[in-house]
Amino acid sequence: MSTPFLHTTRALKADGTRLQAVAAAIGLLLFAAWGLWFFIAGITVYKVSSEARLQQFGNTVQLSAPQSGRVVAIHRQLGDTVADGDALLQLDTSALDLGIAGENRVARSLEQQLESLRREQELVDNNFQRDSAAQREQLALLRERHALLESNLEIQANITARYESLAAKQQGAQLDYLTAKRSQQQMAADTLETEAELKAAEERLVQLEADHRQSRAELARRLAATEQELVQADTRMRQQALTADQYHLRAPIGGVVASLADINVGQMLEAGAVIASIQAPGEIRVQAQFEPAAALGHINPGQRARVRLDGFAWTRYGELSARVERVAAAVQDGRVLVQLVIDGDVPPGLPVQHHLPAAVEIVTARKAPYQLLLQRAGEWMAGEDGNPPAAGAL
């Protein structure tokens with residue numbers, strides 16, 4: 001019985017020795033692997049900021065109240081998209097509207113006067129054309145009659161001369177001579193009368209033309225004066241309309257209403273009060289604030305980064321790929337501004353909108369674990385403020 005037991009004990013000891021050797025070998029391998037990882041492996045080092053926002057880089061225009069007045073209408077709300085010239089807000093223009101309406105009535109009255117003067121001018125021209133045509137026709141008849149009378153008078157003068165010659169030779173021709181003489185005298189009187197009528201008709205035509213010129217000149221003067229008054233009334237109306245339009249606050253550019261003051265209908269505004277700002281379309285950038293110790297000397301243009309939007313879990317919506325574009329050279333309000341450009345595809349469903357808050361992680365280096373351990377130990381030994389820890393702190 002003792003011999004088998006002895007063999008079993010020896011076998012167990014041999015198996016235990018082999019297990020110890022295997023365990024030692026595995027431990028050495030694990031230690032070697034850990035050593036390789038500790039001294040050779042690279043770990044990505046990030047500089048993280050939770051103070052980041054998406055910013056739309058385009059022309060931003062701030063709008064102020066051009067005039068003092070009471071708000072009567074608000075046409076747009078925060079975040080609305082507007083086109084160039086769209087009305088945002090309207091101030092009370094009732095007083096100006098009354099002035100514009102009055103000038104409009106004056107202008108309409110002057111236009112009616114102009115139309116009446118033009119009709120009167122047309123009537124004067126028509127009357128002149130009718131009267132002058134009749135006068136010229138009468139002149140033509142008188143000239144024709146005068147020419148006929150002169151021709152007859154010349155013939156009668158010849159007849160009278162022959163009768164006078166016969167009367168001198170024959171006693172019986174005296175009566176014929178006297179008759180011819182009376183006819184010549186009558187014709188001469190008729191000719192003189194016709195000449196007087198012809199001269200009077202010519203004078204009437206000249207006077208008619210003079211009266212027409214005078215009437216035309218007077219009408220032209222009245223037309224010019226009325227047209228000048230109409231121009232002045234229209235100018236005043238346009239000026240008042242332009243002034244009234246200043247009470248309508250309009251978008252000077254297309255874009256999005258980025259900010260809007262807390263204004264209600266009926267509220268009084270002072271001239272120059274800031275009302276809204278319009279953000280023109282532009283490329284989205286990421287602006288992050290870092291502590292100086294984390295940014296200066298560590299973050300440089302070209303470094304890769306990832307951006308996670310607040311309120312949109314990256315495990316569900318994904319994250320944005322970005323690249324450092326520039327780093328501010330000066331510290332402002334205890335922070336260093338870092339600007340990044342989004343250069344990767346935007347995951348579906350992830351909104352990229354102006355002013356969304358976000359967190360930024362910038363890849364600044366790749367270090368071995370032992371380097372990180374030594375760096376952390378150095379920071380711990382130096383203390384949080386960069387000075388060695390107080391006695392007993394270790």
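The values are calculated or read from the model by the stated rules, or taken from the named source; none is laboratory data. Here the structure is a predicted model, which is why all the values come from computation and not from measurement. Positions of Cβ are backbone-derived with ideal geometry, glycine not excepted, and every protein chain shown enters the neighbour counts.
For (1) modelled with pLDDT of 90 or more; (2) among the small types (G, A, S); (3) in contact with a strand residue (DSSP E or B) (Cβ under 6 Å, 6 or more places away or on another chain); (4) in a helix (DSSP H, G or I), each residue gets a yes or a no:
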residue	(1), (2), (3), (4)
L175	no, no, no, yes
A180	no, yes, no, yes
A188	yes, yes, no, yes
A196	yes, yes, no, yes
V206	yes, no, no, yes
T226	yes, no, no, yes
Exercise. In region 72-114, which residues are out of contact with any helix residue (DSSP H, G or I) (no Cβ under 8 Å at 6 or more places or on another chain), touching a residue at least 12 places away in the same chain (Cβ under 8 Å) and of a type outside the set (A, V, I, L, M, F, W, C)?
Worked result: H75, R76, Q77, G79, D80, T81, D84, G85, D86, Q90, D92
For this session: Taking the residues in region 75-94 that are among the polar types (S, T, N, Q) and within 20 Å of the chain's Cα centre (by Cα) as candidates, determine which candidate is farthest from V265 (Cα to Cα).
Result: T81
Exercise. Can you tell me how many residues in region 85-122 are under 24 Å from A276 (Cα atoms) and either in contact with a Pro (Cβ under 7 Å, 6 or more places away or on another chain) or among the hydrophobic types (A, V, I, L, M, F, W, C) (or both)?
Worked result: 4
Exercise. Has region 246-269 got at least one residue that is at pLDDT below 90 and either farther than 21 Å from S64 by Cα or assigned to a helix (DSSP H, G or I) (or both)?
Worked result: no
Seminar exercise, completed: Checked pairs for region 294-321, first assigned to a strand (DSSP E or B), second among the acidic types (D, E), C-beta under 6 Å and 6 or more apart or across chains, list as R306/E319; R306/E361; R308/E319
Exercise. When you go through A133, A167 one by one, which is the residue that is surrounded by 15 or more Cβ atoms within 10 Å (Cβ to Cβ) and either farther than 30 Å from E227 by Cα or outside the structural domain of L269 (by TED's automatic domain parsing) (or both)?
Worked result: A167
Seminar exercise, completed: The correct count of residues that are in contact with a helix residue (DSSP H, G or I) (Cβ under 7 Å, 6 or more places away or on another chain) and either at pLDDT 75 or above or surrounded by 15 or more Cβ atoms within 10 Å (Cβ to Cβ) (or both) in region 356-394 is 2
